[in-house]
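Since the structure comes first, as structure tokens, the remarks are kept for the end.
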Amino acid sequence: MAQEYSIEQLNHGRKVVDFMRWDKLAFIISGLLIVASIVIVGVRGFNWGLDFTGGTVIEINLEKPADLDALREGLVKAGFEEPLVQNFGSSRDVMVRMPPATGNAGTELGNKVLASISQTTQQNATVKRIEFVGPSVGSDLAQAGAMALLSALIAILIYIGFRFEWRLALGTVLALAHDVIITCGILSLAHVEIDLTIVASLMSVIGYSLNDKIVVSDRIRENFRKIRRGSSYDITNVSLTQTLSRTLITSITTLAMIMILFVFGGALLKGFSLTMLIGVTIGTISSIYVSSALALKLGMKREHMLVQKVEKEGADQPSILP
């Protein structure tokens, strides 16, 4: 029997984008990115910052730019082990990071580093900031950061499991894990320093990505209950098309703000804004080609949505719709 309706009729006569046409290709690309991210993290590891490794960070301001290699050699000759010297903010601002050491700490250590740099550069230098973190504190912070991310994912799994049919819930949670793994892989590849601000940005990525996926999932569930015709494939495409404008406007606005932070936020916000930039981009794509597509592959159908009971009318309406 010929089909008596077009997919556009399911969307009130408006054009419907066939997102699910590319689901297999998207799965292949996502799988390769996840495997590559895991391998990169396993081989390269993370560039752990002072917050997690412990040690001392000293920020010094110079009268004029200096050769970083010469500064590093001067510190080694002065007896400092494995000093990391890099510019911080401008060519006249230098950050010296050293592993945990017994003995000197605080002002005394800063004065020794300052004297060595002043002698090497033959110019006056001033200390802007000294920060010391013990290795035990760094280890505790690393465990706390990992537990924070894990707890967030578990809490989300519980909430989504009650809120949506299990196929949508599983697709959403796996998509969140997909976003975090790929973001971590890129951070490892780019050798971005991992500190507490990066952990905060990963939590923000999870929150942003979750919000987008809940809106999409809510519209899919709503359309399964409202539209009496059409296959699961068609209804998924209709739902994604209806939320496309909202997703694009939200993502573009968010990315614009993140770019402003990245360009004008200074060195302290570089890692945070870069992580958000990566995470928001990947999270927007995964809302379509991981969360929704995976739920469809798991056999999502109209009867699954109708089985779910709601306590009162309107409880399942999405809070943000285009």
Do we have any residue at all in segment 113-120 that's at pLDDT below 70, hydrophobic (A, V, I, L, M, F, W, C) and open to solvent by 20 Å² or more (accessible area, probe 1.4 Å)?
no
Within segment 214-239, restricting to residues that are open to solvent by 10 Å² or more (accessible area, probe 1.4 Å) and of a type in the set (D, E), the one that is farthest from R163 (Cα to Cα) is D234
Looking only at segment 11-35, count every residue that is in contact with a Leu (Cβ under 9 Å, 6 or more places away or on another chain) and in a helix (DSSP H, G or I) and tell me the total.
4
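Can you tell me which residue in segment 33-56 is surrounded by the fewest Cβ atoms within 10 Å (Cβ to Cβ), limited to those that are of a type in the set (V, I, T) and at pLDDT 80 or above? Don't jump to the end; show me each part of the working.
Step one: of segment 33-56, the residues of a type in the set (V, I, T) are 34-35, 38-41, 43, 53, 56.
Next, from what is left, pick out any that are at pLDDT 80 or above: 34-35, 38-41, 43.
On the way: I34: 15, V35: 12, I38: 15, V39: 12, I40: 17, V41: 16, V43: 9.
If we take residues in segment 33-56 being of a type in the set (V, I, T) and at pLDDT 80 or above, then V43 is surrounded by the fewest Cβ atoms within 10 Å (Cβ to Cβ).
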Can you list residue pairs whose Cβ atoms sit under 6 Å apart, with the first residue in segment 222-239 being over 11 Å from V17 (Cα atoms) and the second being charged (D, E, K, R) and open to solvent by 30 Å² or more (accessible area, probe 1.4 Å)? Count only pairs 6 or more apart in sequence or on different chains.
F224/R302; S232/K301
Checking S30 against (1) closer than 28 Å to A177 by Cα; (2) at pLDDT below 90; (3) surrounded by 15 or more Cβ atoms within 10 Å (Cβ to Cβ), only one condition comes out false. Which one?
(2)
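Yes or no, residue by residue, for (1) more than 14 Å from K112 (Cα to Cα); (2) modelled with pLDDT under 80; (3) touching a Phe, Trp or Tyr at 6+ places or on another chain (Cβ under 6 Å):
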site	(1), (2), (3)
I60	no, no, no
K64	yes, no, no
L71	no, no, no
F80	no, yes, no
P83	no, yes, no
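Residues are listed down the side, and each one gets a yes or a no for (1) more than 24 Å from I154 (Cβ to Cβ); (2) in contact with a strand residue (DSSP E or B) (Cβ under 7 Å, 6 or more places away or on another chain); (3) modelled with pLDDT under 90:
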site	(1), (2), (3)
I181	no, no, no
H191	yes, yes, yes
V199	no, no, yes
I206	no, no, yes
F224	yes, no, yes
R229	yes, no, yes
S232	yes, no, yes
S245	yes, no, yes
I260	yes, no, no
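Suppose the filter is over 20 Å from A26 (Cα atoms) and either touching a residue at least 60 places away in the same chain (Cβ under 8 Å) or out of contact with any Asp or Glu (no Cβ under 6 Å at 6 or more places or on another chain) (or both); does I288 pass it?
no
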Need pairs with beta-carbon distance below 8 Å; first residue small (G, A, S) and within segment 21-50, second not in a helix (DSSP H, G or I); sequence gap 6+ or separate chains.
G49/E193; G49/I194; G49/D195
Can you pull out every residue in segment 189-213 that is surrounded by 20 or more Cβ atoms within 10 Å (Cβ to Cβ), of a type in the set (S, T, Y) and within 24 Å of E131 (Cβ to Cβ)?
S201
So, of the residues in segment 158-184 that are within 18 Å of the chain's Cα centre (by Cα) and open to solvent by 40 Å² or more (accessible area, probe 1.4 Å), which turns out to be nearest to G45 (Cα to Cα)?
I181
Say whether the condition of being surrounded by fewer than 15 Cβ atoms within 10 Å (Cβ to Cβ), touching a residue at least 40 places away in the same chain (Cβ under 8 Å) and of a type in the set (K, R) is met by at least one residue in segment 240-252.
no
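Do we have V215 as touching a residue at least 24 places away in the same chain (Cβ under 8 Å) and under 26 Å from F262 (Cα atoms) here?
Working: touching a residue at least 24 places away in the same chain (Cβ under 8 Å): yes; under 26 Å from F262 (Cα atoms): no.
So V215 fails the test.
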Quick check: anything in segment 242-251 more than 25 Å from the chain's Cα centre (by Cα) and either farther than 30 Å from F88 by Cα or not in a helix (DSSP H, G or I) (or both)?
yes
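The values are calculated or read from the model by the stated rules, or taken from the named source; none is laboratory data. Here the structure is a predicted model, which is why all the values come from computation and not from measurement. Every residue, glycine as well, gets a Cβ built from its backbone with ideal geometry; the counts of neighbours run over all protein chains shown. Remember, those area values only see protein heavy atoms, side chains included, never the ligands or the DNA or RNA. Shrake-Rupley method; radii C 1.70, N 1.55, O 1.52, S 1.80 Å.
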